[in-house]
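Q: Structure in structure tokens, see below.
What follows draws every value from the coordinates through simple rules; no lab data is involved. Remember, it's a predicted structure, so these values are computed and weren't measured experimentally. Here Cβ is always computed from backbone atoms with ideal geometry, including for glycine, and neighbour counts include all displayed protein chains.
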Amino acid sequence: MTNCRSSRPSGDSDYPIPTLPASGRVAAGAAGRGHSTPPILTRRHLLATAAGLALTTVPFLSGCGTVAAPRTPLRVNLRLTAYERAFFARAVLPPFEEANNARVEFTSGTTDEAIGALRGGTSQVDLLAVDTEILGLLIAERLTTDLSAERERLRAEVIPSTLAAGEAGGALHALPYRPTTWITFYNSARLAAADVMPPRTWDELLVAAETLRAPDGAGQVALQGATTETVGGPAAQTLVELVWAFGGDPLTLADAGSRAAGDFLARLAPLLAPASWEAKFDTLTRDLANDRVALGPNWPVVATDLIQRGGKADIAATPTIAGPAGGPRVLSGQVLIIPKNATQPELARAFAAHLRGEETQAALARELAWFPLREDAFAFAPTWQQPIAAAALDALRGARALPPLANREAFDAALGVAFRQIAFEGIAPASALATAAERLRGVR
């Protein structure tokens with residue numbers, strides 16, 4: 001009796017699947033050594049070859065004597081590392097592909113190239129991961145689709161705050177994918193030596209900044225104060241969180257809360273670590289690693305470099321720094337859009353749902369140390385990451401999204417300049433904020 005099974009082996013993909021050692025890491029030196037290597041045949045290559053030979057003699061039949069239905073291609077651009085892509089091919093894609101008779105194809109090229117193709121009408125992508133900071137521009141250019149029908153389902157699956165990053169004009173334009181916020185990293189041994197408790201409020205951070213000093217007297221508390229040429233500037237984000245903490249509106253900077261935040265920053269500024277001038281995620285990671293600073297905000301993912309690879313066992317984290325109006329972090333990360341010209345929009349929705357499913361999220365947390373979309377998946381974080389994951393979850397719960405701005409670059413520039421003027425250039429807060437407020441007129 002014929003045993004009817006899928007004609008496709010589990011884990012098959014369009015690209016080579018590296019063999020992973022028991023540790024779960026890709027063996028070093030597998031590629032990039034500068035010498036030629038024989039071509040790698042994937043299972044699909046072998047299947048295609050065998051099928052081609054069979055077709056020269058007899059019709060291709062499934063095990064049950066019927067023609068096998070072709071799999072529907074789903075083209076996605078998720079910006080994965082080679083190791084992440086290999087894990088997706090091995091563990092994430094096969095269940096979805098089998099259940100939906102689909103073939104997930106990762107498109108080549110960067111996110112910018114994918115967006116360029118979308119603008120030019122040549123895109124073949126069905127699902128695209130983009131940074132939250134550029135979503136507003138894509139909405140303004142009418143390159144996204146309305147996903148509002150997914151809202152109720154999402155509320156039952158993901159951390160509620162993550163929905164706001166994709167909402168504009170009463171509609172949902174993007175689906176949660178890889179949300180993140182800053183958390184506050186600190187060197188617990190250095191704080192203990194100075195008899196300083198991890199600060200929970202901006203007032204406590206001010207006291208910590210007064211106490212924590214390097215041997216040369218330099219401050220040890222850092223804020224991210226760099227500006228960048230791309231959207232999502234660190235200095236702008238720092239000022240947004242400070243303004244929110246004092247009850248202000250960073251979109252106008254013309255209220256009492258914004259003025260209170262500016263005045264507080266002027267008091268804190270002389271006590272900040274000199275590293276704050278250039279501080280962004282990579283430089284602050286470096287400075288925490290080499291003890292140039294004892295405390296500063298950064299993305300949770302840098303714990304991999306600090307703790308897992310860097311061996312900085314004394315590095316710990318706290319979720320947020322609160323002010324009189326609380327301490328919401330800026331919700332950032334990546335969201336998923338289904339482009340307006342997607343050929344498989346329903347299949348794209350199904351794949352997005354698969355990515356945020358309970359089993360997938362648990363696997364991504366356990367094997368890739370991703371910070372999940374779902375609260376129930378945080379328990380699967382690796383042991384070394386658990387304290388950081390707890391801080392990240394707490395921060396995500398209370399995170400707040402800026403509205404998707406069509407001109408996010410202008411917004412970041414205005415706030416970044418205001419922060420640096422107050423913190424580093426000695427310009428009066430009222431003057432710096434007034435200049436920024438004028439620049440913000442019409443920015444939406």
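Q: Give the order of ARG75, ARG441 when sorted by the count of other beta carbons within 10 angstrom, beginning with the fewest.
A: Ranked by crowding around the Cβ, least crowded first: ARG441, ARG75.
Q: Which translational diffusion coefficient, to the nearest whole µm²/s, is obtained for region 62-159 from the Stokes-Einstein equation, given a Kirkwood hydrodynamic radius over C-alpha pairs, 4 °C and 1.567 mPa s?
A: Taking Rh from Cα pairs, D becomes 81 µm²/s.
Q: Quote the FRET efficiency, to the nearest 0.05, computed for ARG213 versus THR252 with a Förster distance R0 of 30 Å and r equal to the Cβ-Cβ distance.
A: 0.20
Q: Tell me, what is a quarter of the convex hull surface for the C-alpha atoms of region 117-164, in nm² with one decimal?
A: Result: a mean projected hull area of 4.0 nm².
Q: Let me ask something else about it. Quick check for me: using +1 on Lys/Arg Cβ and -1 on Asp/Glu Cβ, what's the dipole size of region 123-254 about its Cα centre, in debye to the nearest 20?
A: Here region 123-254 has a charge dipole of around 220 debye.
Q: Which value in Å is the Kirkwood Rh of region 170-298 over different Cα pairs?
A: That comes to 15.7 Å for region 170-298.
Q: Still on this model: Going by how many other beta carbons lie within 10 Å of each one, how would you line up THR181, THR318, THR211, THR230, fewest first?
A: With the fewest neighbours first, THR181, THR318, THR211, THR230 line up as THR230, THR211, THR318, THR181.
Q: May I ask you to derive the relative contact order of region 165-257, considering only C-alpha pairs under 8 Å and at least 6 residues apart, and to give it as an integer percent?
A: With pairs under 8 Å counted, the relative contact order is 10 percent.
Q: Computed FRET efficiency, Cβ-Cβ of THR228 and ARG366, R0 30 Å: what is it to the nearest 0.05?
A: 0.35
Q: Check which residues have an amide H placed less than 5 Å from LEU172's amide H, if you skip close sequence neighbours.
A: LEU147, SER148
Q: Sorting SER123, SER161, SER276 on the 10 Å Cβ count, fewest up front, what's the list?
A: Ascending number of Cβ neighbours within 10 Å: SER161, SER123, SER276.
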